[in-house]
Amino acid sequence: MEKIKGPKIDMTLAVPTLAVTLAVALCLIIAPDRSASVINTLLGFLTNQFGWLFEIAGLGALLFCLWLSFSRYGRIKLGGREEKPVHSTITWFAMLFCTGIGTTLFYWSVAEPLSYLMGPPNGVIPGSEFGQAAAGEFALSYGFFHWGFTAWALYIIPTIAIAYSVYVRKQSAFRFSIACQGVLKEHSKGVLGKIIDVLALFGIFGATMASIGTGVPLLAELVHGLFGWENNFAMTVGIIIVWLALFGTSVYLGLEKGIARLSDINLVISYGLLLIVLLAGPTMYILNLGTNSIGLMFDNFLRMSLWTDPIAAGGFPQGWTTFYFAWWLAFGPVMGLFVAKVSRGRTIKQVVLGELLAGTMGCWLYFFVFGGYGISLEFSGKLALSEIFAASGGNTAIVEVLKTLPLPGFILILAIVNGFIFSGTSYDSAAYTLAFSTLKVQEEKSENQEEPARWWRLVWAGMLAFGALGLLMVGGLSSLQTACVVVGLPLIFVFVIMTISFLKWAKEDFGAASDKEILFIETKEE
């Protein structure tokens, strides 16, 4: 039985975040047309003016993570020298993967390659035989790029900074502002620190609502494909209510009983579904196409990372790469706070490589199998997938892809369960992180910060559902893109401060130690 008296809520963080989020959601719901116009204008301005900055931030984060994992600081343990990891490696990986990637991965692994077939990058002109072949090859390679190393590198930056501040520096809370203390000093406890923490909370909201806004319509179409029920706004609201009931329960149960168990279950379902598609589809074609596309991605990695298309100004990098990098930045606070929370007892190198490699491989498998199967249907003529996509959208296209497999009813059931749990783990983690991050900082330094009260977790779960409903009423990809870009832009500068703060602390704590001694030095007490 939970005690009635729990940790106190920091109203200076909770009130402004709840108030602004509520106001934005109400504007979206009350005036969807006007909101859509403002959203489109804002999105165009931000992506065209700051796309270069998002790309530099992404590449810079990746280079830093590669250096960090193999530097002497990679040997630092996030915790005491005798401390063991809190979770098994499999459960830990399942939690970070399912938290960082929701149903959106399921959607985009099919929809993104199809989008590139119709509007390919790099000046490829669709229509001709050569153009279609080139578009087909680049369709998967850009998916591998957008959902690969750079995405997970942007997650790693806040994870390491926050985990180091709590487990090594013995700071009093999992906070962005506290992880910036190495640079900001006492300013991190004042107004500037509050601004940083509120930005992080807005990032969690923006990215999570964008994820829900992609996942709910897909689930609605999957349910329609299985049962034939009309896919309308009532179904969308119903799915959100079911989500809130199911995963509000998971949030209520907490990290161990709820999110960890869901992540383990979902990992089995996800890879079971992938195996079915790989074996039922043209296996050799999928393997050949995926291998070729990974080679193209590595061959063009730097160009993809820094391409802004300034001469032709076709808008591809602004509409895709900038959006994705902004999304990863906006979701960084969720991953930073959540993965830091579950990574106690691991070394910095383990955390970096775990997220960078395992996370990337997990995403690539989806594009490899689902994306490859979708392209095989298109080029073999078995299914006019690009026409379906253009006429009815990506959700319908995904359902039609699944119906081409043996036992389509069973496959749709698996996909629905997978989609609910996949998005639910991201939803759970975001609600838990919001509740955890809005508690008052304890006066004494300790990595054992109190857990948020269950009712407080449910409040944030409800606010996420309400905000997502507002975005869905506005409709369209642009509203989801704008939510990410707006909150992702200022977080670039916060991530830079956190990185410098971590390096400053690590140099102070372990600068004089030999590589062999780093693992055995007691954590610094201040």
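Computed from the coordinates by the stated procedures, all read-outs in this text should not be read as laboratory data. Remember, predicted model here, so these are calculated numbers, not experimental data. Cβ atoms come from the backbone with ideal geometry, glycine included; neighbour counts cover every protein chain shown.
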ask   = Which FRET efficiency, nearest 0.05, do VAL496 and ALA234 yield, Cβ-Cβ r, R0 35 Å?
value = 0.20
key: PHE436, PHE466 arranged by Cβ crowding within 10 Å, fewest neighbours leading   = PHE466, PHE436
remark   = With only helices counted (DSSP H, runs n ≥ 4, each -39500 (n - 2.57)), the per-residue ellipticity at 222 nm for the chain, to the nearest 500, works out to -24000 deg cm²/dmol
query = Translational D (Stokes-Einstein, µm²/s) of region 1-96 at 37 °C and 0.692 mPa s when Rh comes from the Kirkwood sum over C-alpha pairs?
reply = 169 µm²/s
query = By counting other Cβ atoms within 10 Å of each Cβ, how are ARG75, ARG175 ranked from fewest to most?
reply = ARG75, ARG175
task = Filter the cross-link list LYS194/LYS341; LYS341/LYS403; LYS8/LYS507; LYS170/LYS194 down to pairs whose alpha-carbon distance in this structure exceeds 32 Å.
result = LYS341/LYS403; LYS8/LYS507
ask   = Using θ = phi - 60° and the Karplus curve 6.51 cos²θ - 1.76 cosθ + 1.60, what whole-Hz ³J(HN,Hα) does each residue of region 54-67 get, with Gly and Pro shown as x?
value = 4, 5, 5, 4, x, 5, x, 4, 5, 4, 5, 5, 4, 5
ask   = So who's got an amide H within less than 5 Å of the one on ILE9, skipping anything under 5 residues away but keeping other chains? H placed 1.01 Å off N, in plane.
value = LYS440
query = When the chain is fully extended, how far beyond the present Cα-Cα distance does THR291 get from VAL417, taking 0.36 nm per residue of separation?
reply = 42.4 nm
query = What are the ³J(HN,Hα) values, in whole Hz, obtained from phi via the Karplus relation 6.51 cos²θ - 1.76 cosθ + 1.60 with θ = phi - 60°, for each residue of region 299-305 in sequence order, with x given for Gly and Pro?
reply = 5, 10, 4, 5, 5, 4, 5
request  = For helix 89-100, report the angle its Cα long axis makes with the longest principal axis of the Cα atoms of the chain; keep it between 0 and 90° and round to the nearest 10°.
outcome  = 70 degrees
task = Run the quick spin-label model on LEU192 and THR12: label points 7 Å from Cα toward the beta carbon, then report their separation in nm to one decimal.
result = 1.5 nm
